[in-house]
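The values are calculated or read from the model by the stated rules, or taken from the named source; none is laboratory data. Just so you know, these numbers come straight off a predicted model, no measurement behind them. Here the Cβ positions follow ideal geometry from the backbone for every residue, glycine too, while neighbour counts run over all protein chains shown. Accessible surface areas use protein heavy atoms only, side chains included; no ligands, DNA or RNA. Shrake-Rupley method; radii C 1.70, N 1.55, O 1.52, S 1.80 Å.
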Amino acid sequence: MSEVLILNGSGRGKKSTSAGLGIYLIDLLKEESIAATMLTIRNQLNSEEKIKEMVDAISEATHIIVIAPLYDDCQPYNVVKAQEIIAESKMNLENKHFLFIANSGFGEPEQITEGTLRIYKKFASSVGFRWGGSLSIGGGEMLQGRYGKLLHEVGTFAKNAIVELEKIVNSIKSESTYPDTEIILIPGFFYKWPFKQLFTSMNTRGWKKVAAKNGEKVDAKPFL
Ligand SMILES: Cc1cc2nc3c(=O)[nH]c(=O)nc-3n(C[C@H](O)[C@H](O)[C@H](O)COP(=O)(O)O)c2cc1C
């Protein structure tokens, strides 16, 4: 009998795209009578008791799914820490499937597949997990998890992600491997005139505002 443990690796915790994906996945799994729970890694690192609770949950699960954002082309620190804890625990992971769902800020899922996906794969094989598959989602902010939105509340932008989550559930049900998959949430017209120019300038203004707020000289050109 499958038992799925989702580890939410977002630094945003419950109000995140990762959490939104996890909650939707849990509902789909429960519809198939597959037991599923989600832990937020950030919270599990707070104390030795919480760490033990996470390690115990991993040792009981048949499928471990890390759902995390991309941070600096890599996995967030709390995921790295969880990976270290798993490796150091030396628990037997031989028959456990490890799946990975990532979302990035940039629209191109290659941001994920060209780097961090390889790290997750290497991790899975080095600790002895069975690779269960991966879903790389470009443009994850479209799912509006940071506003606490759930997938069914964001309309068409969530369509592709929902289809893939259903496939993941089918793969768990049939004990098969879900193929490494990439999806794009930002529609193609966003990359064309005039949207491209509009969003690029909005983005630039946004970054400059944050930089100025943090005391940076936003228009400095030190290499000129
Ligand atoms: C510290 C930090 C680093 C990030 N680095 C990247 C990056 O390298 N590439 C990218 O596409 N997005 C990057 N992002 C954006 C997040 O991946 C994106 O906002 C994601 O949708 C957040 O998902 P969450 O709500 O599940 O945390 C970064 C965000 C933060 C906070």
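The rows are residues; the columns are (1) away from the ligand (no atom under 12 Å from the Cβ); (2) touching a Ser or Thr at 6+ places or on another chain (Cβ under 6 Å); (3) closer than 20 Å to residue 130 by Cβ.
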{"site": "3", "(1), (2), (3)": "yes, yes, yes"}
{"site": "13", "(1), (2), (3)": "no, yes, no"}
{"site": "26", "(1), (2), (3)": "yes, no, no"}
{"site": "30", "(1), (2), (3)": "yes, no, no"}
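When we screen 47, 16, 89, 59 for residues that are at pLDDT 95 or above, assigned by TED's automatic domain parsing to the domain that holds residue 128 and under 12 Å from the mean Cα position of the chain (by Cα), the only hit is 16. The helices (runs of 4 or more DSSP H) falling completely within segment 15-74 that include 3 or more residues that are under 27 Å from residue 108 (Cβ atoms) and among the hydroxyl-bearing types (Ser, Thr, Tyr) map to 17-31.
Being within 16 Å of the ligand (Cβ to nearest atom), under 25 Å from residue 114 (Cβ atoms) and within 15 Å of the chain's Cα centre (by Cα) is a description that applies to residue 9.
Scanning segment 62-85 for residues that are touching a His at 6+ places or on another chain (Cβ under 8 Å) and either of a type in the set (Val, Ile, Thr) or surrounded by fewer than 17 Cβ atoms within 10 Å (Cβ to Cβ) (or both) gives 62, 64.
Of the helices (runs of 4 or more DSSP H) that lie entirely inside segment 96-214, those containing 3 or more residues that are touching a residue at least 12 places away in the same chain (Cβ under 8 Å), open to solvent by 20 Å² or more (accessible area, probe 1.4 Å) and of a type outside the set (D, E, K, R) span 116-127. Evaluation of residue 94 against the conditions (1) modelled with pLDDT under 95; (2) within 19 Å of residue 145 (Cα to Cα) shows that the sole unmet condition is (2).
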